[in-house]
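K.L.:
I'd like to ask some things about the structure below.
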Amino acid sequence: MRRCWILLTVLAAVGCSPKIQAVYNHYDAQVAPPPPDYSRLEHWASLPDKRDAADSIPLNSTLRNQQAIAAADVFFVYPTIYTGKPNERHPWNADVNDVTLNREIQISTILNQASIFNGTCRVYAPYYRQAHLYAFYTNHPEDGELALELAYQDVRAAFQYYLDHYHQGRPIVIASHSQGSYHTQRLMQEFFDDKPLQQKLVVAYLVGRAIPRDAFKKIVPTERPGEIGVWASWNTFSRGYTPKTYDKYYPKALSVNPLLWNTTEEFASKELNAGGVGLKFTMVPQLADAQNHKNMLWINKPYVKGRALLRTKIWHRADMNLFYNNIRENVALRVVTYLEQSAVSGTRN
């Protein structure tokens, strides 16, 4: 059954489940699943010439998949989907050959998040040996770090394959959510920050993870909708709610309002929301308002039928869904700006 990305909360308790804990010994690299081979199409969740969920267009919209004529590329890294009972053979990291898990990745994050970019960008999204959600909650964090390291090495290998075989000097958008942003922060530091490839960066949307404002030496946070070579991040909660982990993660975190594209605490009403994606991948106009508050993004209850019954406080799963069309319009604006500035200066060609 397709997961509801609007009404479900983050599975914060999963990592602490006794049933899941019972599966785990200390991390053992010898039992890791086999590595992906990015020369094989089946090890990519999305490619421009492959039929996949990133080609989709929300119901109740007039949007179009325009990857065939897109002038830029997006490299998208999906969040943690490996959250249920772990595979007993490979408990710490997902197997990229797991057909059932790959289908879940397609109908959840690739459909609801990666498709945002198909109006302006060719979409590249690798399957990778993502760390199980437990890696973030284990009582032995060194084991979780090893699982996350394996996942990052796959993301890095996929990006290097993209550069070597697909890039061809085109403008690049980086986009990710949750665990994906854990990896893309590092990817940005390694490949873009104060590196020659920074000239090809249009924008990076590193969503769903508390990333420090000073995470990069030369890549600055966005403060205007049309800036290029910048980055954005936000973590969405109900107005008035502060997570228990606030003191650990959020005092220095970046929060960009995806309705205003700046870090001010100005309130943005739902009228500025060009449309979010709700149940059954359906576009909902004016789905949510937004306001930065102490490095978090606060929203009132989404403006859907039955909103009075909503009790969700953590809107992590919907960080991108709530602002689907605003992100889509924003990346289009930034790509146009990038191309215009490149034509004028020639410095980005």
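K.L.:
Mind checking which residues of the range 183-229 are in contact with a strand residue (DSSP E or B) (Cβ under 8 Å, 6 or more places away or on another chain), part of a helix (DSSP H, G or I) and not basic (Lys, Arg)?
P.N.:
Within the range 183-229, His183, Thr184, Gln185, Leu187, Met188, Leu197 qualify.
K.L.:
Could you tell me whether Gln286 is surrounded by 15 or more Cβ atoms within 10 Å (Cβ to Cβ), outside any loop (DSSP other than H, G, I, E, B) and more than 19 Å from the chain's Cα centre (by Cα)?
P.N.:
Numbers: surrounded by 15 or more Cβ atoms within 10 Å (Cβ to Cβ): yes; outside any loop (DSSP other than H, G, I, E, B): no; more than 19 Å from the chain's Cα centre (by Cα): yes.
Judged against the criteria, Gln286 is not a match.
K.L.:
Identify, please: which residue in the range 146-168 is of a type in the set (Asp, Glu) and under 16 Å from Tyr128 (Cβ atoms) and is, among those, surrounded by the most Cβ atoms within 10 Å (Cβ to Cβ)? Explain how you work it out, then say what you get.
P.N.:
Taking the range 146-168 as the starting set, the residues that turn out to be of a type in the set (Asp, Glu) are 149, 154, 164.
Still in the running and under 16 Å from Tyr128 (Cβ atoms): 149, 154.
Values: Glu149: 15, Asp154: 23.
Here the answer is Asp154.
K.L.:
Name the one entry in Pro171, Pro126, Pro86 that is buried (at least 18 other Cβ atoms within 10 Å of the Cβ) and at pLDDT below 95. Give the steps one after another, and end with the answer.
P.N.:
Details: Pro171 fails: at pLDDT below 95; Pro126 fails: at pLDDT below 95.
The match here is Pro86.
K.L.:
Here's something else I'd like to know. So which residues in the range 192-231 are under 27 Å from Ala288 (Cβ atoms) and buried (at least 23 other Cβ atoms within 10 Å of the Cβ), if there are any at all? Don't jump to the end; show me each part of the working.
P.N.:
So the first thing to find is which residues in the range 192-231 are under 27 Å from Ala288 (Cβ atoms), and the list is 202-213, 215, 220-228, 230-231.
Matches in the range 192-231: Val202, Val203, Ala204, Tyr205, Leu206, Val207, Gly208, Arg209, Ile211, Thr222, Trp231.
K.L.:
Here is a list: Val277, Val335. Which entry is out of contact with any Gly (no Cβ under 7 Å at 6 or more places or on another chain), surrounded by 21 or more Cβ atoms within 10 Å (Cβ to Cβ), of a type outside the set (Lys, Arg) and under 28 Å from Leu133 (Cα atoms)?
P.N.:
Values: Val335 fails: under 28 Å from Leu133 (Cα atoms).
That would be Val277, the only listed residue that is out of contact with any Gly (no Cβ under 7 Å at 6 or more places or on another chain), surrounded by 21 or more Cβ atoms within 10 Å (Cβ to Cβ), of a type outside the set (Lys, Arg) and under 28 Å from Leu133 (Cα atoms).
K.L.:
What's the number of the condition Val344 fails, among (1) part of a helix (DSSP H, G or I); (2) in contact with a strand residue (DSSP E or B) (Cβ under 8 Å, 6 or more places away or on another chain); (3) free of Cβ contacts under 8 Å to residues at least 40 places away in the same chain; (4) among the hydrophobic types (A, V, I, L, M, F, W, C)?
P.N.:
Answer for Val344: the failing condition is (2).
K.L.:
Among the candidates Phe159, Phe117, which residue alone is in contact (Cβ under 8 Å) with a residue 24 or more places away in the chain, more than 20 Å from Arg317 (Cβ to Cβ), out of contact with any Ser or Thr (no Cβ under 8 Å at 6 or more places or on another chain) and not polar (S, T, N, Q)?
P.N.:
Values: Phe117 fails: more than 20 Å from Arg317 (Cβ to Cβ).
That would be Phe159, the only listed residue that is in contact (Cβ under 8 Å) with a residue 24 or more places away in the chain, more than 20 Å from Arg317 (Cβ to Cβ), out of contact with any Ser or Thr (no Cβ under 8 Å at 6 or more places or on another chain) and not polar (S, T, N, Q).
K.L.:
Using beta carbons and a limit of 7 Å, which pairs, at least six apart or on different chains, have the first residue in the range 130-153 and under 24 Å from Thr109 (Cα atoms) and the second one among the basic types (Lys, Arg) and surrounded by 15 or more Cβ atoms within 10 Å (Cβ to Cβ)?
P.N.:
So the pair list comes out as Leu150/Arg129; Ala151/Arg129; Tyr152/Arg186.
K.L.:
Which is out of contact with any Ser or Thr (no Cβ under 6 Å at 6 or more places or on another chain) and over 19 Å from Thr312 (Cβ atoms), of Asn235, Asn262, Asn273?
P.N.:
Details: Asn235 fails: over 19 Å from Thr312 (Cβ atoms); Asn273 fails: over 19 Å from Thr312 (Cβ atoms).
Exactly one of Asn235, Asn262, Asn273 is out of contact with any Ser or Thr (no Cβ under 6 Å at 6 or more places or on another chain) and over 19 Å from Thr312 (Cβ atoms), namely Asn262.
K.L.:
Filter the range 77-97 down to residues that are in contact with a Pro (Cβ under 8 Å, 6 or more places away or on another chain) and touching a residue at least 60 places away in the same chain (Cβ under 8 Å) and give me whichever is nearest to Tyr162 (Cα to Cα).
P.N.:
Val77
K.L.:
Can you confirm whether the range 94-101 contains a residue that is more than 19 Å from Tyr38 (Cβ to Cβ), over 17 Å from the mean Cα position of the chain (by Cα) and either assigned to a loop (DSSP other than H, G, I, E, B) or modelled with pLDDT under 95 (or both)? Walk me through it before giving the result.
P.N.:
Restricting attention to the range 94-101, the residues satisfying the condition of being more than 19 Å from Tyr38 (Cβ to Cβ) are 100.
Subsequent filtering for residues that are over 17 Å from the mean Cα position of the chain (by Cα) retains 100.
Going one step further and asking which of them are either assigned to a loop (DSSP other than H, G, I, E, B) or modelled with pLDDT under 95 (or both), we end up with none.
Among the residues of the range 94-101, not one is more than 19 Å from Tyr38 (Cβ to Cβ), over 17 Å from the mean Cα position of the chain (by Cα) and either assigned to a loop (DSSP other than H, G, I, E, B) or modelled with pLDDT under 95 (or both), which makes the answer no.
K.L.:
Can you pull out the residues in the range 261-281 that are over 20 Å from Thr222 (Cβ atoms) and assigned to a loop (DSSP other than H, G, I, E, B)?
P.N.:
Ser269, Gly275, Gly278
Residue by residue, here is whether (1) part of a helix (DSSP H, G or I); (2) in contact (Cβ under 8 Å) with a residue 12 or more places away in the chain; (3) surrounded by fewer than 20 Cβ atoms within 10 Å (Cβ to Cβ) holds:
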position: His26; (1), (2), (3): no, yes, yes
position: Gln30; (1), (2), (3): yes, no, yes
position: Tyr38; (1), (2), (3): no, yes, no
position: Ala45; (1), (2), (3): no, yes, no
position: Arg51; (1), (2), (3): no, no, yes
position: Ser61; (1), (2), (3): no, yes, yes
position: Asn65; (1), (2), (3): no, yes, yes
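K.L.:
Next question, about the same structure. Could you check, for the range 262-279, whether at least one of its residues is modelled with pLDDT under 95 and not polar (S, T, N, Q)? Before you say what the answer is, go through the steps one by one.
P.N.:
Here is the first cut: in the range 262-279, the ones modelled with pLDDT under 95 are 278-279.
Imposing the further condition that a residue be not polar (S, T, N, Q) reduces the set to 278-279.
Yes, because at least one residue in the range 262-279 is modelled with pLDDT under 95 and not polar (S, T, N, Q).
K.L.:
With respect to Pro258, determine if the residue is part of a loop (DSSP other than H, G, I, E, B), of a type outside the set (Phe, Trp, Tyr) and surrounded by 16 or more Cβ atoms within 10 Å (Cβ to Cβ).
P.N.:
Values: part of a loop (DSSP other than H, G, I, E, B): yes; of a type outside the set (Phe, Trp, Tyr): yes; surrounded by 16 or more Cβ atoms within 10 Å (Cβ to Cβ): yes.
Considered against the rule, which asks whether it is part of a loop (DSSP other than H, G, I, E, B), of a type outside the set (Phe, Trp, Tyr) and surrounded by 16 or more Cβ atoms within 10 Å (Cβ to Cβ), Pro258 comes out as yes.
The values are calculated or read from the model by the stated rules, or taken from the named source; none is laboratory data. Bear in mind that the values here come from a model prediction, so they are computed numbers and not experimental data. Note that each Cβ is placed from the backbone with ideal geometry, even for glycine, and that neighbours are counted across all protein chains shown.
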